[in-house]
Amino acid sequence: AERYAALFAADEAAELAAQRPAGDAAWLQQDPHQEEMLRGKDSAYTDLTMWYREHFRESGVEDDLAHWGVDYRTYADEYAAAFAEIIPLEPGLRVFESAVGNGWLIRSLTELKPEASKGVAWAGNDILPDALRVARREIPGGNFVLSDSANLTWAPPHMYDMCLCGYIEPSPDAIKAAGYHPKFIRKWFGNWVRQMAHVTKPGGWIAVGAIQYDLVPWSPEKIGIEWWKEAAASDAWEWGVDPESVVVRELDSAVLNEEWGPRYCVAMRRSGGDSGDGDGDGDELDLEGMPREELIDLMSTLGGPPINAGASADEARLAIWNFLGDSQEEEDIDDMSLTQLSELMVALGGSEFAEGMSVEDARDAAWTFIEGLEDEHHDEDH
């Protein structure tokens with residue numbers, strides 16, 4: 001375990017900070033708590049990380065740290081090519097991969113969609129230091145940190161246009177380490193995707209691949225295709241996605257079926273943002289793509305309340321729509337989850353809501369706070 005921990009350099013946080021582009025609020029920094037937890041030899045994750053290392057040695061497949069059991073070429077041609085069909089990649093996007101592993105999915109996408117991959121800023125996390133070393137080697141410029149996908153709350157909220165996960169595999173060790181009972185895998189799955197939603201901006205896409213139909217013999221719960229649609233519709237896990245956007249791609253490769261068993265991929269779009277299907281009447285203020293600094297200046301020009309200095313471009317954009325009272329954005333706030341409402345409050349300079357507060361109370365408090373900011377600004381002008 002000590003040798004394994006030593007694979008992750010002690011000056012990793014300093015190196016990441018030095019690489020951070022000026023003014024890039026989305027650049028990931030190593031979270032000290034996550035690093036301490038995952039490098040510790042007696043942590044809840046020790047057995048899990050050691051399992052991956054042992055199976056990597058047994059697999060005989062070069063760089064197969066994620067234990068896919070197939071070589072890279074098979075992975076790319078038989079799996080990633082199918083998954084890519086439901087991943088709406090575009091040039092210049094910010095894309096986060098949860099459980100990036102050794103970077104095979106990102107590497108595959110850059111090969112399969114070279115034009116769409118141009119200028120894409122890749123970021124992600126994994127619990128395996130040695131897998132991250134391979135990902136950084138294979139994806140120059142990628143921003144990858146040591147972290148558990150069951151807790152991405154340390155990452156900048158709503159900074160990414162898309163969040164991918166090429167591998168989501170429950171095991172008793174993984175589920176217990178995240179604080180869930182192994183029997184109830186839906187809670188673990190629901191939270192995993194909720195963490196992906198945390199880093200994905202409104203209107204962005206969440207895509208999960210290689211999901212097993214029959215997950216584990218020790219749990220009565222299954223994660224079938226219908227479960228995703230039902231979870232999206234009920235928003236039981238606060239994903240904040242449009243139920244009508246859910247798309248599924250079943251894997252039909254005989255090679256993969258023999259190695260992995262039947263699996264499928266799913267993609268869904270977070271509510272809010274610009275869906276690209278507006279009525280085109282041209283009378284709405286176009287804020288999409290406007291840099292953060294310009295958004296802050298615009299709010300000042302409009303006479304609105306000051307935007308918090310730490311707010312992202314997406315949060316600043318949402319604050320402007322709230323101030324303008326745009327009817328569609330008001331509906332978006334009414335559709336927000338408790339987590340999203342709390343993040344909005346922080347972006348506007350308020351405090352996070354107390355744990356246990358209802359969504360209805362949080363929504364009322366958010367609108368009251370916004371109206372109070374407008375009143376304060378009005379009083380200052382007079």
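The values are calculated or read from the model by the stated rules, or taken from the named source; none is laboratory data. Bear in mind the structure is a predicted one, so any value in this text is a computation, not a measurement. Cβ sites come from the backbone with ideal geometry, for glycine too, and all protein chains shown count toward neighbours. Just the protein is used for accessible areas: all its heavy atoms, side chains included, with ligands, DNA and RNA removed. Shrake-Rupley method; radii C 1.70, N 1.55, O 1.52, S 1.80 Å.
Things worth noting here:
- Pairs where the first residue, in region 236-251, is aromatic (Phe, Trp, Tyr) and the second is open to solvent by 50 Å² or more (accessible area, probe 1.4 Å), C-beta under 8 Å, 6+ apart: 237/194; 239/194
- Within region 91-123, tally of residues that are open to solvent by less than 10 Å² (accessible area, probe 1.4 Å) and on the phi > 0 side of the Ramachandran plot: 2
- Selection status of residue 210, assigned to a strand (DSSP E or B), closer than 25 Å to residue 125 by Cβ and at pLDDT below 95: yes
- Per-region count, region 239-260, residues outside any helix (DSSP H, G or I) and open to solvent by 80 Å² or more (accessible area, probe 1.4 Å): 2
- Members of region 305-320 found to be part of a helix (DSSP H, G or I), open to solvent by 20 Å² or more (accessible area, probe 1.4 Å) and small (Gly, Ala, Ser), listed by number: 313
- Note on region 346-376: residues that are touching a helix residue (DSSP H, G or I) at 6+ places or on another chain (Cβ under 9 Å), outside any loop (DSSP other than H, G, I, E, B) and at pLDDT below 75 total 5.
- Among residues of region 354-369 that are closer than 8 Å to residue 338 by Cα, none has a beta-carbon under 6 Å from a residue that is open to solvent by 60 Å² or more (accessible area, probe 1.4 Å) and aromatic (Phe, Trp, Tyr) at least six positions away or on a different chain.
- Considering residues of region 70-81 that are in contact with a Leu (Cβ under 9 Å, 6 or more places away or on another chain) and either open to solvent by less than 10 Å² (accessible area, probe 1.4 Å) or not in a helix (DSSP H, G or I) (or both) only, the residue nearest to residue 157 (Cα to Cα): 80
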